[in-house]
Amino acid sequence: MFKVPPVAAERLPALLRAMPKAELHIHIEGSLEPELIFALAERNSVRLPYASVQELRSAYAFTDLQSFLDIYYAGASVLLHEQDFYDMARAYLARAVADNVVHAEIFFDPQTHTARGVPIETVIMGLHRACEDARTLLGISASLILCFLRHLSEEEAFATLEQALPLQDKFIGVGLDSSELGHPPEKFARVFARCRELGLRRVAHAGEEGPPAYIWSALDVLQVERIDHGVQAFQDAALLQRLASSRVPLTVCPLSNQKLRVFPDLRDHKLRQLLDAGLCATVNSDDPAYFGGYINDNFTQVFAATGMGARHAYELASNSFEASFASAADKRAWQHKLKESFERFVEYD
Ligand code: ADE
Ligand code: ZN
């Protein structure tokens with residue numbers, strides 16, 4: 001086990017920014033900055049119900065998950081052509097590199113686009129090309145996870161899977177997102193079973209606004225390999241024990257939880273308790289263009305609010321590699337890089 005050296009409190013934000021990390025919970029449509037929404041609206045002659053970037057940004061005042069999703073789906077309406085999907089993903093990946101993200105597993109919501117008549121090939125090919133180019137041009141590894149919208153039916157999820165299967169080599173797995181309350185994981189039991197047979201990796205949002213019971217059923221019914229958010233696990237001691245002993249990771253998104261009023265005050269966030277209980281928790285940005293910060297902002301703000309230190313920082317970055325779906329060789333190389341970054345940081349201290 002690596003012994004984490006002590007780091008002066010004032011140097012902690014710089015360490016959080018400098019350490020290599022993986023991002024495992026990022027909705028690519030949630031990385032669309034207002035400036036890019038307006039540029040794409042103009043390029044594609046799409047009329048927006050906002051007069052300016054400022055007016056759109058000022059609408060970003062959310063009271064819960066649904067109030068955010070309504071604006072998020074409206075923002076995605078400017079995406080029509082393969083190049084639009086490419087440009088969106090390319091912008092995110094460049095921003096991630098600036099935060100020392102070395103690997104990203106990126107969610108996309110095909111049903112948001114196919115419902116508007118955009119072919120699924122347009123979506124997947126644009127995003128995939130951006131991931132490939134980022135590997136060679138930006139030095140970041142990136143892969144895609146197709147998410148089913150849980151407010152729609154399982155039948156519609158099956159239809160989406162069918163449409164996507166000819167491009168199965170372009171995405172590594174499936175997820176479940178959108179409005180959580182009233183749409184428990186078991187609604188998607190059959191489609192997740194099929195994805196498992198197909199060899200796809202499986203994740204699901206559970207326990208963001210929903211109860212611990214949704215986390216149990218994501219694990220037991222959907223047999224997911226990671227839980228997205230999962231912060232409501234703090235209410236259930238038996239669930240905490242299960243997550244700690246199985247090391248099924250949680251992809252936690254502190255600024256999202258604050259902005260959607262899951263934990264309106266970041267000082268009340270449970271990340272530190274989850275880590276200290278032995279869970280494989282990670283830090284991620286969810287929808288950075290909407291929640292006021294990318295991954296490093298999530299790290300620095302939740303650390304400042306909860307008083308975590310260098311040991312937690314190391315654990316979170318190490319967990320992000322452990323929790324990823326990357327190869328064992330890549331994981332080993334990133335873990336090594338992480339240790340080096342901590343050692344270098346202390347030498348310069
Ligand atoms: N889609 C985009 N962001 C989401 C979130 N935080 N929860 C559920 N669905 C989402
Ligand atoms: Zn999410």
(message) Cβ contacts < 7 Å: first residue within 17 Å of Ile145 (Cα to Cα), restricted to the range 115-133; second residue among the polar types (S, T, N, Q), any location; separation 6+ or different chain. Result?
(response) Ile120/Thr114; Ile120/Gln163; Gly126/Gln83; Cys131/Ser143
(message) Can you list the helices (runs of 4 or more DSSP H) lying wholly within the range 105-209 that have 3 or more residues being hydrophobic (A, V, I, L, M, F, W, C)?
(response) 120-137, 154-164, 189-197
(message) I need a count of the residues in the range 16-69 that are closer than 30 Å to Trp334 by Cα, aliphatic (A, V, I, L, M), within 16 Å of ligand 2 (Cβ to nearest atom) and assigned to a helix (DSSP H, G or I).
(response) 1
(message) Among the residues of the range 4-21, what is the count of those that are in contact (Cβ under 8 Å) with a residue 60 or more places away in the chain and either charged (D, E, K, R) or touching a strand residue (DSSP E or B) at 6+ places or on another chain (Cβ under 6 Å) (or both)?
(response) 4
(message) I need a count of the residues in the range 215-265 that are more than 16 Å from ligand 2 (Cβ to nearest atom) and of a type in the set (Ser, Thr, Tyr).
(response) 3
(message) Take the conditions part of a loop (DSSP other than H, G, I, E, B), among the β-branched types (Val, Ile, Thr) and farther than 18 Å from Glu180 by Cα and apply them to Val224. Does it pass?
(response) no
(message) Where the second residue is among the basic types (Lys, Arg) and the first is within 17 Å of Asp286 (Cα to Cα) and lies in the range 219-240, which pairs have Cβ atoms under 7 Å and are six or more apart or on separate chains?
(response) Val231/Lys270
(request) Read through the list (1) surrounded by fewer than 22 Cβ atoms within 10 Å (Cβ to Cβ); (2) over 17 Å from the mean Cα position of the chain (by Cα), then give the number of the only condition that Ala94 fails. (result) (2)
(request) Could you tell me which numbered condition Leu144 fails, if it satisfies all but one of (1) more than 16 Å from ligand 1 (Cβ to nearest atom); (2) within 27 Å of Ala193 (Cβ to Cβ); (3) crowded, with 22+ Cβ neighbours inside 10 Å; (4) of a type in the set (A, V, I, L, M)? (result) (1)
(request) Just give me the residues in the range 97-115 being of a type in the set (A, V, I, L, M, F, W, C) and closer than 17 Å to Ser179 by Cβ, in sequence order. (result) Phe107, Ala115
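Rule-based calculations on the coordinates, nothing more; no lab input. Everything numeric here is computed off the predicted structure, so don't read it as measured data. As a convention, Cβ positions derive from the backbone with ideal geometry for all residues, glycine included, and neighbour counts pool all protein chains shown.
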